[in-house]
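Peer 1: Got a structure for you, questions after.
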């Protein structure tokens, strides 16, 4: 039996690990969108540089979106710039996520 599921890259796994450790999310999706930016002038061309993260965490309760994004950026600070070139975020509290 063969699987068409793609294995996560090292960077995807590093993002996932850092966010799980820092924010204990109830929902976490790390989506590699690097293929959408292939050939763009500022793209590093690694195929592992542009990501979208969708995350719901209790740690976001009572925080505005900018503060939620700041927590994510702090958790990923060691990856932002290199290897992460671009990061799109969708953050929510567990209540917002389930609504």
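Peer 1: Given (1) buried (at least 16 other Cβ atoms within 10 Å of the Cβ); (2) in contact with a strand residue (DSSP E or B) (Cβ under 8 Å, 6 or more places away or on another chain); (3) modelled with pLDDT of 90 or more, identify the lone condition not met by residue 75.
Peer 2: Condition not satisfied by residue 75: (2).
Peer 1: Out of everything in region 82-99 that is in a loop (DSSP other than H, G, I, E, B) and without any contact (Cβ under 8 Å) to a residue 60 or more places away in the chain, what residue ends up being nearest to residue 33 (Cα to Cα)? Break it down into steps so the answer makes sense when it comes.
Peer 2: Initial filter on region 82-99 (in a loop (DSSP other than H, G, I, E, B)): 82-83, 85, 93, 99.
Now restrict to residues that are without any contact (Cβ under 8 Å) to a residue 60 or more places away in the chain: 82, 85, 93, 99.
Numbers: 82: 16, 85: 11, 93: 24, 99: 26 Å.
Going through the qualifying residues, I end up with 85.
Peer 1: Looking at region 48-81 only, could you name the residues that are without any contact (Cβ under 8 Å) to a residue 24 or more places away in the chain and either assigned to a strand (DSSP E or B) or under 22 Å from residue 10 (Cα atoms) (or both)?
Peer 2: 73, 77, 80, 81
The values are calculated or read from the model by the stated rules, or taken from the named source; none is laboratory data. For clarity, every value in this text was computed on a predicted model and none was experimentally measured. All Cβ positions, glycine included, derive from the backbone under ideal geometry; neighbour counts span all protein chains shown.
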